[in-house]
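*Asks:* The structure's right below; bear with me while I get my questions together.
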């Protein structure tokens, strides 16, 4: 089990990045959340099989078609037992 926190910078708000991240995370069977930050970046935490978490991070490097990702900073986190679903937060 791997859990990460990622900050995605660039043109990532107003381009369906959060909704697309939720879709990708559900497809990969991950749990966690995603939200916009006041500085224009998107923050997310994702948890699950390490290969699937890596796949989500690879997707985050480009995001949905309208996004222009400048960078993805990743930190490892402690897993949260019994977390359920992947949510879009405000």
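The values are calculated or read from the model by the stated rules, or taken from the named source; none is laboratory data. From a predicted model like this one, the values you see are computed outputs, not experimental measurements. Heads up, the Cβs are rebuilt from the backbone with ideal geometry, glycines too, and the neighbour counts pull from every protein chain shown.
*Asks:* Can you say whether residue 25 is surrounded by 18 or more Cβ atoms within 10 Å (Cβ to Cβ), in contact with a strand residue (DSSP E or B) (Cβ under 8 Å, 6 or more places away or on another chain), at pLDDT 95 or above and part of a helix (DSSP H, G or I), as far as the supplied structure shows?
*Replies:* Numbers: surrounded by 18 or more Cβ atoms within 10 Å (Cβ to Cβ): yes; in contact with a strand residue (DSSP E or B) (Cβ under 8 Å, 6 or more places away or on another chain): yes; at pLDDT 95 or above: yes; part of a helix (DSSP H, G or I): yes.
Criteria met by residue 25.
*Asks:* Hey, another quick one. Of everything in the range 28-55, what is assigned to a loop (DSSP other than H, G, I, E, B) and crowded, with 18+ Cβ neighbours inside 10 Å? Give them in sequence order. Walk me through it before giving the result.
*Replies:* The first filter runs over the range 28-55 and keeps only residues assigned to a loop (DSSP other than H, G, I, E, B), leaving 29-30, 37-41, 49.
Across the range 28-55, the qualifying residues are 30, 41.
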